[in-house]
Amino acid sequence: AVLPLGLASAATPFAPHHAGGTPPFPECNFGPTHHSHLILPLADTEAECASDASRFFLSHGATFFCPHTWDVKLLARVVEDDARATLCKSFFAAVAVGQNATHAFRPTLAQGGLPATALGLLTGWTSPVLYWIHNFGKDNSAGPDKGWNLTTLRSTTTTVQIDQVLYGRQLELQPQPSELTYLVHAPLDGKKIILSHYISTGGASGFDHLLTADVTREDGHPLELRPTWPLYLTIPGSRDSLESRLRVQGGSAARGLLHVYDWDYRPRTLEVRVKVLLDYYHGTSDGFAGFGSVCPDRTAPQSPTMCTTAINA
């Protein structure tokens, strides 16, 4: 089990470091609670994926209601050899035949465990299950025993060690982007580029999307990405909506703008081409993501950063 912030035990190898206080909005970060994470291998082959050196991109199943109001992306290691072998075999077999390759862990985190993860205070956790997800169900009430269409690949404990927080942000009410907007992640050596839809608000923009892509500069120069934190990518002329999301288009690529800084540290954009390689997951309000409505259910725990009746028009 993972202990609350500030607590440590020799029997709990992945307890959070002391955070120096109470996590933000403790009434919204209750626990212990399930926090599902999608698993995307960064290796190119099953053999590389199953090796001890392999690393995985994890994406937390965030929502606009408590206690899941943090968008968190992690670079992580799967400790057990048999867990890696099982995961990698299933993932690459699904990709080879064009099936849905979505896989997930479902750890239970203590109160404050999710913001601790986002802030780099948690070094790891364990998951009692490993799922191959065929469908997350029709709405936010769906779960493994109610609405998820899945195959349980492993029902023994899997240990996940967190190498790096690639992105962590508490969700808040923001303006809707004027164009389709993604975060560009380039973990490790940057050979595997992962795009995640930027979560801003509900309505048309309220959707989760995770994919791998080939991104190249229009001017032919090598593209340099940072492995520490994502850059922003916008797609001019495309609405920020699930219907307009990036898709696999054979050999064709979409035109985009990568938002960077020049040598004088002034903001600029680079014209790029984006070719989707693997469309890993997309969803609006299912049993994993919850973004269709900013305050979806008044009976659900309301997020103080997203919801308030005082400003309703």
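Miscellaneous remarks
- For the stretch 69-87, a residue qualifies if it is open to solvent by 30 Å² or more (accessible area, probe 1.4 Å) and outside any strand (DSSP E or B), and the qualifying residues are 79, 80, 81, 82, 85, 86.
- Count of residues meeting criterion [more than 20 Å from the chain's Cα centre (by Cα), among the acidic types (Asp, Glu) and in a loop (DSSP other than H, G, I, E, B)] in the stretch 27-62: 1
For every residue, the table says whether it meets (1) of a type in the set (Ser, Thr, Tyr); (2) modelled with pLDDT of 95 or more; (3) in contact with a Phe, Trp or Tyr (Cβ under 7 Å, 6 or more places away or on another chain).
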site: 213; (1), (2), (3): no, yes, no
site: 257; (1), (2), (3): no, yes, no
site: 262; (1), (2), (3): no, no, no
site: 274; (1), (2), (3): no, yes, no
site: 287; (1), (2), (3): no, no, yes
site: 292; (1), (2), (3): no, no, no
site: 298; (1), (2), (3): no, no, no
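- So residue 247, is it of a type in the set (Lys, Arg) and touching a strand residue (DSSP E or B) at 6+ places or on another chain (Cβ under 7 Å): yes
- Residue-level analysis places residue 57 outside the set of residues that are open to solvent by 10 Å² or more (accessible area, probe 1.4 Å) and modelled with pLDDT of 95 or more.
- Applying the condition of being part of a loop (DSSP other than H, G, I, E, B) and within 30 Å of residue 55 (Cα to Cα) to the stretch 173-197 and asking which residue is most open to solvent (accessible area, probe 1.4 Å) yields 191.
- Condition met for residue 170 (open to solvent by 40 Å² or more (accessible area, probe 1.4 Å), touching a residue at least 12 places away in the same chain (Cβ under 8 Å) and within 14 Å of the chain's Cα centre (by Cα)): no
- Scope the stretch 97-117; condition outside any loop (DSSP other than H, G, I, E, B) and open to solvent by 10 Å² or more (accessible area, probe 1.4 Å); matching residues: 108
- Taking first residues from the stretch 243-255 that are touching a residue at least 24 places away in the same chain (Cβ under 8 Å) and partners that are among the basic types (Lys, Arg), the Cβ contacts under 6 Å between residues at least 6 apart in sequence or on separate chains come to 253/273; 253/275.
- Residues that are open to solvent by 10 Å² or more (accessible area, probe 1.4 Å) and in contact with a Lys or Arg (Cβ under 6 Å, 6 or more places away or on another chain), drawn from the stretch 118-162: 129, 161
- Close Cβ contacts (under 6 Å, 6 or more residues apart or on different chains) running from residues in the stretch 73-93 that are aromatic (Phe, Trp, Tyr) to residues that are part of a helix (DSSP H, G or I) comprise 92/46.
Quick grid of which residues meet (1) within 19 Å of residue 174 (Cα to Cα); (2) without any contact (Cβ under 8 Å) to a residue 24 or more places away in the chain; (3) assigned to a loop (DSSP other than H, G, I, E, B):
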site: 211; (1), (2), (3): no, no, no
site: 237; (1), (2), (3): no, no, yes
site: 270; (1), (2), (3): no, no, no
site: 278; (1), (2), (3): no, no, no
site: 281; (1), (2), (3): no, no, no
site: 292; (1), (2), (3): yes, no, yes
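The values are calculated or read from the model by the stated rules, or taken from the named source; none is laboratory data. Model, not experiment: these values are computed from the prediction. Note that each Cβ is placed from the backbone with ideal geometry, even for glycine, and that neighbours are counted across all protein chains shown. Areas reflect the complete protein model, heavy atoms only, side chains present, ligands, DNA and RNA absent. Shrake-Rupley method; radii C 1.70, N 1.55, O 1.52, S 1.80 Å.
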